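Asker: Dumping the structure here so I can ask a few things about it.
The values are calculated or read from the model by the stated rules, or taken from the named source; none is laboratory data. Remember, it's a predicted structure, so these values are computed and weren't measured experimentally. In this analysis, Cβ positions are derived from the backbone assuming ideal geometry, glycine residues included, and neighbour counts consider all displayed protein chains.
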Amino acid sequence: MKPRTFKLVWESIHEHYQEFIIYLLTISIALLIAFLMNINLQFIILLLQVSGLFCILFWLVEISRTYKRLKWFSNSLQNISTHSGYLGTTKTSSALEKNYQKIIEHLIHQKEQLTQDYENSKNEQEEYFTLWQHQIKTPLSALRLMTETKENIKAEDIRNQTLQIQRYLEMSLQYNRLSSINQDLKFEKINLSNLVREVVKGQAFFILQKHLKIDFPNADIFVISDYKWLFFSIDQVLFNAIKYTSEGGRINLNIQKNIQHLVTFSITDDGIGISSDDLPRIFERGYTGYTGRQQLHSTGLGLYLAKKTTDTLNIKLAVSSEKGDGTTVIFTFLQI
């Protein structure tokens with residue numbers, strides 16, 4: 001007999017052992033009463049034999065039924081989705097069977113949830129990389145055009161396009177890591193002013209190219225966060241500010257503590273601004289709005305990635321803007 005079959009048989013017997021014990025106790029009590037009252041023992045034994053035979057037959061039938069039911073539940077555990085619709089109508093007659101049914105229902109729910117999460121993640125990745133392909137196509141096309149014309153090619157233009165390609169590749173790598181960001185976090189005390197300066201330094205080429213003026217924060221304020229992911233989220237927002245600020249414009253970077261003693265960091269530009277109709281949707285993946293449609297290479301990924309990152313870091317990200325009057329993005333550090 002296979003171990004699994006033996007286990008099911010044993011559980012079936014165990015489920016009905018109480019009836020067998022009661023029958024043995026009944027025989028013992030009947031024999032004791034007959035002995036004490038001098039009743040014909042042969043007659044009593046005959047009655048007990050007949051009733052015992054029926055009792056044992058009934059017991060064996062119940063064991064057989066329980067075995068078949070437990071075998072069905074056991075098979076369902078191996079192929080959970082096969083009988084998911086049947087579970088709601090299955091009648092249970094014992095605590096053991098009810099426990100099996102609860103286990104199977106729980107596993108079915110877990111399986112369906114995991115399947116749904118996987119499908120959502122897969123669809124999200126497909127949408128992201130479709131947008132990303134359109135995004136990286138712009139600098140690649142520009143480089144290809146430069147190599148084909150071979151006239152008036154400036155080193156600055158080549159560097160501009162290669163830096164954009166490098167930026168989009170780094171964005172793609174960070175997006176892949178977002179799915180397991182909780183395993184990658186390392187919270188530490190960070191000098192926010194120094195981090196912001198490093199972010200600006202990394203985008204110096206784009207700032208100088210557009211002759212932008214940057215107002216740096218002076219206060220040395222510390223926050224508790226993950227350096228790499230905080231750097232990434234601020235970098236995404238600053239790049240957006242640079243992209244949508246006109247040549248010769250100004251970007252103000254400010255760090256302070258609000259009235260609740262929470263640290264806030266804001267990025268304010270005097271660029272083209274965001275329409276009030278678009279503001280509620282700016283953190284949606286792939287949403288570009290009116291402002292983004294004016295910039296043909298916009299894909300709506302920067303703010304989406306920044307929002308996903310700041311949510312994990314327990315940082316509130318808020319945006320205020322008016323069309324034609326600049327934009328302010330505020331990071332509020334809820335973790336003191």
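Asker: Mind telling me which of the residues K186, K210, K137 ends up being of a type in the set (K, R), at negative phi and out of contact with any Asp or Glu (no Cβ under 9 Å at 6 or more places or on another chain)? Outline the logic, then answer.
Answerer: Numbers: K186 fails: out of contact with any Asp or Glu (no Cβ under 9 Å at 6 or more places or on another chain); K210 fails: out of contact with any Asp or Glu (no Cβ under 9 Å at 6 or more places or on another chain).
Answer to the check: K137.
Asker: Just one of the numbered conditions (1) more than 22 Å from R285 (Cβ to Cβ); (2) under 16 Å from the mean Cα position of the chain (by Cα); (3) polar (S, T, N, Q); (4) surrounded by 11 or more Cβ atoms within 10 Å (Cβ to Cβ) is not true of Q125; which one?
Answerer: (1)
Asker: If I ask for residues that are surrounded by 14 or more Cβ atoms within 10 Å (Cβ to Cβ) and either under 20 Å from A318 (Cβ atoms) or at pLDDT below 90 (or both), which ones from segment 207-223 would you list?
Answerer: Q209, P217, I221, V223
Asker: Within segment 260-272, track down each residue that is assigned to a loop (DSSP other than H, G, I, E, B) and either over 32 Å from the mean Cα position of the chain (by Cα) or at pLDDT below 85 (or both).
Answerer: First, the residues of segment 260-272 that are assigned to a loop (DSSP other than H, G, I, E, B): 260-262, 270-272.
Those that are assigned to a loop (DSSP other than H, G, I, E, B) and either over 32 Å from the mean Cα position of the chain (by Cα) or at pLDDT below 85 (or both): Q260, H261, D270, G271, I272.
Asker: Okay, moving on. I'd like the full set of residues that are aliphatic (A, V, I, L, M) and surrounded by fewer than 19 Cβ atoms within 10 Å (Cβ to Cβ), limited to segment 225-263.
Answerer: I259, L262
Asker: Restricting the search to segment 151-169, which residues are loosely packed, with under 13 Cβ neighbours inside 10 Å and of a type in the set (D, E, K, R)?
Answerer: E151, K154, E156, R159
Asker: Provide a single number: the residues in segment 263-282 that are farther than 17 Å from I234 by Cβ and aliphatic (A, V, I, L, M).
Answerer: So the answer is 3.
Asker: Checking the condition surrounded by 13 or more Cβ atoms within 10 Å (Cβ to Cβ) and either at pLDDT below 90 or in contact with a Gly (Cβ under 6 Å, 6 or more places away or on another chain) (or both), which residue from R177, R197 passes? Outline the logic, then answer.
Answerer: Values: R197 fails: either at pLDDT below 90 or in contact with a Gly (Cβ under 6 Å, 6 or more places away or on another chain) (or both).
Residue meeting the stated conditions: R177.
Asker: Here's something else I'd like to know. Just the residues that are at pLDDT 65 or above and either at positive phi or hydrophobic (A, V, I, L, M, F, W, C) (or both), please, taken from segment 287-320.
Answerer: Across segment 287-320, the qualifying residues are G300, L301, L303, L305, A306, L313, N314, I315, L317, A318, V319.
Residue by residue, here is whether (1) touching a Pro at 6+ places or on another chain (Cβ under 7 Å); (2) over 23 Å from K308 (Cα atoms) holds:
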position: L212; (1), (2): no, yes
position: V237; (1), (2): no, no
position: N240; (1), (2): no, no
position: L253; (1), (2): yes, no
position: Q256; (1), (2): no, yes
position: D278; (1), (2): no, no
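Asker: Let me ask you something else. When you go through F222, F265, F231, F216 one by one, which is the residue that is of a type outside the set (D, E, K, R) and either in contact with a Lys or Arg (Cβ under 6 Å, 6 or more places away or on another chain) or more than 15 Å from N191 (Cα to Cα) (or both)? Talk me through it step by step, then tell me what you get.
Answerer: Working: F265 fails: either in contact with a Lys or Arg (Cβ under 6 Å, 6 or more places away or on another chain) or more than 15 Å from N191 (Cα to Cα) (or both); F231 fails: either in contact with a Lys or Arg (Cβ under 6 Å, 6 or more places away or on another chain) or more than 15 Å from N191 (Cα to Cα) (or both); F216 fails: either in contact with a Lys or Arg (Cβ under 6 Å, 6 or more places away or on another chain) or more than 15 Å from N191 (Cα to Cα) (or both).
From the options F222, F265, F231, F216, the qualifying one is F222.
Asker: Still on this structure, I have one more. List the pairs whose first member sits in segment 139-150 and is surrounded by 11 or more Cβ atoms within 10 Å (Cβ to Cβ), whose second member is among the hydroxyl-bearing types (S, T, Y), and whose Cβ atoms are under 8 Å apart, counting only residues at least 6 apart or on separate chains?
Answerer: Filtered contacts from segment 139-150: P139/T162; P139/Y168; L143/T162.
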